[in-house]
């Protein structure tokens, strides 16, 4: 069994986001698919760290927490909706 047949049978050898060689021997690159869950949680985490840094650095007062804490969650949700819409548009 050749290496190419082995890769097809067992499903490895192709990893999105990495360069592969096509039949003519030229390199072609693939885009890595976006994991929407990871994107949303990464933005939410970065937002929470930013809120913490603003409060720890006395840039904003403790009373501002009421309107400041939802911002990372809303922005993460919006980014997730945009990523899902763009991904659905590319598939059609």
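Some points to look at:
- Gained length - residue 74 relative to residue 59, 0.36 nm times residue gap less alpha-carbon distance: 3.3 nm
- Residue 67-residue 81 pseudo-label distance in nm [points 7 Å out on the Cα-to-Cβ vector]: 2.1
- The range 36-91: C-alpha gyration tensor shape, a/c 1.5 cut-off, then a/b vs b/c: prolate
- Inter-label distance for residue 88 and residue 45, nm, one decimal - labels placed 7 Å from Cα along Cα-to-Cβ: 2.7
Every read-out reported here was derived from the displayed coordinates using simple, explicitly stated rules and does not represent laboratory data. Owing to the predicted nature of the structure, the values given are computational and were not obtained by experimental measurement. Note that we place each Cβ from the backbone using ideal geometry, even for glycine, and neighbour counts take in every protein chain shown.
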